[in-house]
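Undergrad: Right, I'll just put the structure down here and ask away after.
The values are calculated or read from the model by the stated rules, or taken from the named source; none is laboratory data. Since the model is a prediction, treat every value here as computed from it, not as a measurement. Positions of Cβ are backbone-derived with ideal geometry, glycine not excepted, and every protein chain shown enters the neighbour counts.
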Amino acid sequence: MDEDYTGSPAVELAMLRRALVILSATFALGTPLPALAHDYWLEPARFVVRRGDAVDVGLFVGDGFVADTERPLQIDKTKSLRLVTREREVDLLANATEGARPVVDDLVLDAAGPVLFAMERKWVDIHLPDEKFTAYLEHEGLKEVAARRDREGHREIERECYTRAVKALVAVDAKRAEGLHDRVLGHKIEILLLDDPFALDVGDRLRAELRFRGKPLARVNITAYVREPGGEVTSRRVRTDARGRAGFPVERVGVWALRTVHLVPCAGCGYADWESYWTSFTFAID
């Protein structure tokens, strides 16, 4: 099983250090550097609330589960934004406001039970020169794709289109997920939790399943980030088994985010060489 461990200081200090590194390199090279941020994730202000409370859910962009910025709602770039409960789904995009930040702003949760917030982003096209694409594959641990390029040859420019699907789990009144942690929403790529995170304690194990186009996705990396109450972030990367499943020991409490990226050749595409599918799932274990 492919695992690695990383750590970082408190959130504010990590963001400051990243900014200083970027600034120093920019002055040294005389040219701006590409953004280091890769991930999007949904994060509510609180993961456990009382019935009748108003909830804010932000859309954050960053790397290593440290936010560089909070994105406003971009309706033209958003495929769907939903609230999902055990009994119903609500289309939050239908009455959304362009530029809202947080993307879910002051929403009153008037019923007890777990709630999923879910967003899908539309496709985006990018072009990456060979050396940057190679570095990207190394960063994400996409060894099979790297090996395929070595066999078939590198392009000077790699054309990629990507999409994102992100979700967050909130408990209302009682700390229970009650079946929503493994609810299939139909995203092209989706992480399901096989254990209720609100029921877990330090020493337990969290199991997850990765699905792609409705089927379990084997031999793909999933990274679990944990941001502790003091702001320190640690991570563990695990490769899914033949059933598309991965397990993570619960060693720390805090805000968790599971994330992955799956990159596949864009067969028959005239507009891209590769398609990538990014997903994240945020929740809390305390």
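Undergrad: Collect the residues in segment 184-194 that are crowded, with 19+ Cβ neighbours inside 10 Å and more than 21 Å from SER276 (Cβ to Cβ), keeping them in residue-number order. Before you say what the answer is, go through the steps one by one.
TA: In the first step, residues of segment 184-194 are kept if they are crowded, with 19+ Cβ neighbours inside 10 Å; the result is 187, 189-193.
LEU193, the sole residue that qualifies.
Undergrad: Now for a separate question. Got a sec? Which of PHE117, PHE133 is under 25 Å from ARG159 (Cα atoms), under 21 Å from the mean Cα position of the chain (by Cα) and of a type in the set (Phe, Trp, Tyr)? It would help to see each step written out before you state the result.
TA: Details: PHE117 fails: under 25 Å from ARG159 (Cα atoms).
Within the list PHE117, PHE133, the selection yields PHE133.
Undergrad: For ARG159, are the conditions met, namely being in contact with a Lys or Arg (Cβ under 7 Å, 6 or more places away or on another chain), over 30 Å from ALA111 (Cβ atoms), charged (D, E, K, R) and surrounded by fewer than 20 Cβ atoms within 10 Å (Cβ to Cβ)?
TA: On the way: in contact with a Lys or Arg (Cβ under 7 Å, 6 or more places away or on another chain): no; over 30 Å from ALA111 (Cβ atoms): yes; charged (D, E, K, R): yes; surrounded by fewer than 20 Cβ atoms within 10 Å (Cβ to Cβ): yes.
Taking the combined requirement at face value, the residue does not satisfy it.
Undergrad: Here's a follow-up. Would you be able to say whether some residue in segment 92-110 is within 30 Å of ARG50 (Cα to Cα), of a type in the set (Val, Ile, Thr) and assigned to a strand (DSSP E or B)?
TA: At the first step, the residues of segment 92-110 found to be within 30 Å of ARG50 (Cα to Cα) are 92-110.
Filter once more, so that each one left must be of a type in the set (Val, Ile, Thr): 97, 103-104, 108.
Within this subset, residues satisfying the condition of being assigned to a strand (DSSP E or B) are 104, 108.
Among the residues of segment 92-110, at least one is within 30 Å of ARG50 (Cα to Cα), of a type in the set (Val, Ile, Thr) and assigned to a strand (DSSP E or B), which makes the answer yes.
Undergrad: Considering only segment 208-218, I want to know if a residue exists there that is of a type outside the set (Asp, Glu), surrounded by 14 or more Cβ atoms within 10 Å (Cβ to Cβ), more than 18 Å from the chain's Cα centre (by Cα) and closer than 30 Å to LEU109 by Cα.
TA: Checking segment 208-218: not a single residue is of a type outside the set (Asp, Glu), surrounded by 14 or more Cβ atoms within 10 Å (Cβ to Cβ), more than 18 Å from the chain's Cα centre (by Cα) and closer than 30 Å to LEU109 by Cα.
Undergrad: Name the one entry in THR260, THR234, THR223 that is modelled with pLDDT of 95 or more and more than 23 Å from ALA146 (Cα to Cα).
TA: Working: THR260 fails: more than 23 Å from ALA146 (Cα to Cα); THR223 fails: more than 23 Å from ALA146 (Cα to Cα).
The match here is THR234.
Undergrad: Would you check if GLU156 is free of Cβ contacts under 8 Å to residues at least 60 places away in the same chain and farther than 25 Å from VAL61 by Cα?
TA: Numbers: free of Cβ contacts under 8 Å to residues at least 60 places away in the same chain: yes; farther than 25 Å from VAL61 by Cα: yes.
For GLU156, the condition - free of Cβ contacts under 8 Å to residues at least 60 places away in the same chain and farther than 25 Å from VAL61 by Cα - is met.
Undergrad: Only one of ARG151, ARG176 is touching a helix residue (DSSP H, G or I) at 6+ places or on another chain (Cβ under 6 Å), of a type in the set (Lys, Arg) and either at pLDDT 95 or above or over 22 Å from TRP41 (Cβ atoms) (or both); which? Before you say what the answer is, go through the steps one by one.
TA: Values: ARG151 fails: touching a helix residue (DSSP H, G or I) at 6+ places or on another chain (Cβ under 6 Å).
The unique qualifying residue is ARG176.
Undergrad: Next question, about the same structure. Please specify each residue of segment 253-268 satisfying the condition of being touching a strand residue (DSSP E or B) at 6+ places or on another chain (Cβ under 8 Å) and surrounded by fewer than 15 Cβ atoms within 10 Å (Cβ to Cβ).
TA: Within segment 253-268, VAL264, PRO265 meet the criteria.
Undergrad: Evaluate the following for THR279: is it among the hydroxyl-bearing types (Ser, Thr, Tyr), at pLDDT 95 or above and under 18 Å from ALA146 (Cβ atoms)? Give the derivation first.
TA: Working: among the hydroxyl-bearing types (Ser, Thr, Tyr): yes; at pLDDT 95 or above: yes; under 18 Å from ALA146 (Cβ atoms): no.
Answer is no for this residue.
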